[in-house]
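All remarks here apply to the structure that follows.
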Amino acid sequence: MRFTTTLAAAAAIAVSGAAATAGGLSEEVMEAPVVMVEPAPAASSISPTYVVLGVLAALLIAAAAAE
């Protein structure tokens, strides 16, 4: 167990060290930002809160009926 923990810690340190230098030392390439306009989401007829409450009520009724 102790060897596995040590091996896992060593692997995590090795991977984090490689990830820290993955970009190299070259200059950044700056590109113009792309602006995307998303359409407004369609309004639903039922609030998600009511759905969650309905599921909880159904579970409570099923649990009470099972006893």
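Read-outs throughout are calculated quantities, based only on the coordinates presented, and are distinct from any laboratory measurement. Just so you know, these numbers come straight off a predicted model, no measurement behind them. All Cβ positions, even for glycine, are placed from backbone atoms using ideal geometry, and neighbour counts span all protein chains on display.
What spacing in nm lies between the two simple spin-label points modelled at V29 and A12, each 7 Å away from Cα in the Cβ direction?
3.5
Need one number: nm distance between label points at M36 and R2, each 7 Å from Cα along Cα→Cβ, rounded to one decimal.
Going from the M36 label point to the R2 one covers 5.2 nm.
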